[in-house]
Structure formats: structure tokens, C-alpha cells
Amino acid sequence: IFYYPSERILEINLIPMSPAEDQWAGVLVVLHDITAMRRLERMRSEFVANVSHELKTPIAAVKGFAETLLAGALNDKETAKSFLQIIFDESERLNRLIGDILELSKIESKRIPLQFSPVHLQTFIENCLNVVNSEAAKKSIELEMRVDDDLYMEADEDRLRQILINLLSNGINYTPEGGKVKVKVEATTGSMGLDKEQIRMTITDTGMGIPKKDLPRIFERFYRVDKARSRSSGGTGLGLSIVKHLVELHKGTIRVESEVGMGSKFIIELPVIH
Ligand code: ADP
């Protein structure tokens with residue numbers, strides 16, 4: 001009798017032994033645990049299904065509005081203009097989606113070697129805030145930074161910028177007008193179970209927050225709390241997944257604390273020296 005945990009998948013191969021004339025015939029039984037392989041296959045096919053679905057939506061919009069224009073809507077200038085704007089926006093979305101999918105696939109297959117160099121964190125955070133400044137100003141969102149003086153770390157600056165800008169943009173996106181997005185950077189020790197010094201970056205917003213049940217899943221590819229809202233704000237649902245991979249490439253960790261209506265806090269911890 002063979003006992004095995006039920007959630008695992010076993011492949012059983014029976015290989016007949018060719019017996020010599022006066023010997024026992026036998027069967028060689030080879031058990032192969034293929035659970036991990038199957039899980040990977042399932043994740044891959046789910047990803048392909050998700051990608052196809054995500055790409056189909058903007059393509060259907062472009063096609064539909066172009067068809068309506070061709071069928072006569074072109075004659076009404078106002079209608080034509082608004083349809084063309086939709087076609088333009090959806091093409092942009094497609095572009096962003098394809099860019100993010102390629103980026104994620106490059107990162108996941110580790111085809112991007114990181115270029116480590118010393119980064120002066122105060123200057124770095126100022127630059128990141130400059131990038132999102134106009135986005136925040138449109139919604140009268142106040143940006144605030146608190147970075148300990150003279151903090152440096154070893155990082156791939158472009159990738160680190162991608163992490164910060166993604167989290168800052170989300171903070172701005174999911175915070176109503178007049179809110180606040182704050183970045184705090186400090187040196188800490190020990191909480192990653194390492195003796196090495198580390199840097200903790202905290203990005204806090206006063207926005208809508210994330211329901212408890214969604215918290216464990218928001219770093220998954222294409223996972224959104226509110227699909228319609230994410231779409232209308234131009235989101236691809238891949239940002240946090242890319243962020244998590246980039247943090248891990250820096251040997252760091254990322255976690256989130258959030259409460260609906262109270263805002264969200266993303267905490268990244270990274271080793272100072274790679
Ligand atoms: P998206 O492109 O949809 O923003 P992300 O991967 O960046 O995708 O984020 C996944 C989901 O997590 C978002 O759709 C949103 O529901 C939620 N989320 C991310 N950041 C925040 C935040 N700062 N406040 C509230 N919800 C957030």
C-alpha cells in the first residue's frame with residue numbers, strides 16, 4: 001500500500017524486467033513526483049490565457065470604433081473626434097501592455113543583468129519625485145520625502161527608479177484629489193535576518209486602501225482589486241509584479257500594509273551592499 005499526500009501528482013512508470021530463462025520475472029516501478037512541473041505548466045498556460053484576454057480587449061475596441069467610423073460616423077466631426085481619441089488611447093494601452101509583458105518575461109528569465117553602482121539616496125528620491133510631480137499636481141496630491149542624510153546603497157539605479165516610480169504612480173493613482181504620498185528612506189539592521197546593514201524605503205499614501213482579502217494577491221500578474229478602475233487609469237495589472245521581481249533581483253523584500261479608506265503602505269527592504 002502506498003500512502004502519498006493527495007495534493008501531489010505522481011507519475012508511475014512500470015518497466016518489465018526481461019527475465020533470464022530460469023529467473024524471476026519482475027517489474028521495475030519508477031515513481032516520479034511531477035507536482036512542481038505540472039504547477040509550472042498550469043501557471044504558464046494561465047498566463048498565456050490572461051495575456052490573450054488582456055490584449056483582446058483593446059484590440060476589440062480599436063476594431064469596433066474604426067468599423068463604426070468607416071460605416072459613416074466619420075461624417076459627424078464631433079463623434080469622429082471622440083472615437084479617434086478612444087482608438088488612440090486603446091493603442092497606447094496596447095503599447096504599455098506589450099511593453100510590460102516583455103519586461104516581465106525578461107526579468108523572469110533573468111535576462112537582465114543588473115548594473116550595480118553606489119546610489120546617493122537623497123538625490124535619487126528627489127529625481128523620482130520630479131518624474132511623478134506633474135501627475136501628482138493634476139490631482140493636487142502633496143508629495144513628501146524624508147530621507148536620512150548621506151545614505152548610499154549599491155543598486156542598479158535604473159531598476160531602482162522603476163521600482164520607486166511604479167509605487168509612487170500607484171500611490172497617486174489610487175489616492176483621491178487633495179491626498180498625500182510620502183516616501184521615507186532610512187538605514188536599518190537585522191529585520192531581513194541578515195547582519196548586513198540594510199535600507200528601508202516606505203511609500204505611504206492616504207488613498208482608498210486595499211481590502212484584506214486582496215492583499216495576498218496584489219503582487220500577482222494581472223491581479224487588480226477593481227479592474228474597471230485600473231483600466232480607466234491606464235493600469236496594466238503588471239506593475240506590482242514587475243516591482244516584486246526587481247526587488248528580489250536586488251536580494252530585497254517587499255510587503256504591503258493597507259486598510260480600506262485609510263491608505264496603503266509599501267515597505268521595501270534592501271541590502272546596502274549587494
Ligand atoms: P495596475 O496597473 O492595475 O495599477 P499594479 O500591479 O500596479 O497594477 O497593482 C495591482 C492592483 O493593486 C491595482 O489594480 C490596485 O487595485 C491595487 N493597488 C496597487 N497599489 C495601490 C495603492 N497604492 N492603493 C490602493 N490600491 C493599490
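The values are calculated or read from the model by the stated rules, or taken from the named source; none is laboratory data. As the structure is a prediction and not an experimental result, all values here were calculated from the model. No Cβ is skipped: glycine too gets one built from the backbone with ideal geometry, and neighbour counts run over all protein chains shown.
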> Being assigned to a helix (DSSP H, G or I), within 24 Å of the chain's Cα centre (by Cα), in contact (Cβ under 8 Å) with a residue 12 or more places away in the chain and closer than 28 Å to residue 227 by Cβ, is that true of even one residue in the range 175-185?
Replying inline: no
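A quick yes/no check of all residues on (1) surrounded by fewer than 21 Cβ atoms within 10 Å (Cβ to Cβ); (2) modelled with pLDDT under 90:
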{"site": "219", "(1), (2)": "yes, no"}
{"site": "224", "(1), (2)": "yes, no"}
{"site": "227", "(1), (2)": "yes, yes"}
{"site": "232", "(1), (2)": "yes, yes"}
{"site": "238", "(1), (2)": "no, no"}
{"site": "242", "(1), (2)": "no, no"}
{"site": "246", "(1), (2)": "no, no"}
{"site": "251", "(1), (2)": "yes, no"}
{"site": "255", "(1), (2)": "yes, no"}
>> Residues to consider are 44, 38; find the one that is in a helix (DSSP H, G or I), modelled with pLDDT under 90 and over 30 Å from residue 159 (Cα atoms).
In response: 38
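When you look at residue 265, is it of a type in the set (D, E, K, R), near the ligand (Cβ under 10 Å from one of its atoms), in a strand (DSSP E or B) and within 27 Å of residue 189 (Cα to Cα), yes or no?
Values: of a type in the set (D, E, K, R): yes; near the ligand (Cβ under 10 Å from one of its atoms): yes; in a strand (DSSP E or B): yes; within 27 Å of residue 189 (Cα to Cα): yes.
Against the criterion (of a type in the set (D, E, K, R), near the ligand (Cβ under 10 Å from one of its atoms), in a strand (DSSP E or B) and within 27 Å of residue 189 (Cα to Cα)), residue 265 qualifies.
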> How many of the residues in the range 87-113 are exposed (fewer than 14 other Cβ atoms within 10 Å of the Cβ), assigned to a loop (DSSP other than H, G, I, E, B) and of a type outside the set (Lys, Arg)?
Replying inline: 2
>> I'm trying to understand the selection: among the residues of the range 257-274, which are buried (at least 16 other Cβ atoms within 10 Å of the Cβ) and either free of Cβ contacts under 8 Å to residues at least 40 places away in the same chain or among the hydroxyl-bearing types (Ser, Thr, Tyr) (or both)?
In response: 258, 264
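Could you tell me which of the residues 18, 117 is over 30 Å from the mean Cα position of the chain (by Cα) and either on the phi > 0 side of the Ramachandran plot or among the hydroxyl-bearing types (Ser, Thr, Tyr) (or both)?
Numbers: 117 fails: over 30 Å from the mean Cα position of the chain (by Cα).
Going through 18, 117 in turn, the sole match is 18.
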> Can you name the number of the only condition in (1) under 21 Å from residue 230 (Cα atoms); (2) without any contact (Cβ under 8 Å) to a residue 24 or more places away in the chain; (3) touching a strand residue (DSSP E or B) at 6+ places or on another chain (Cβ under 9 Å) that residue 126 fails?
Replying inline: (1)
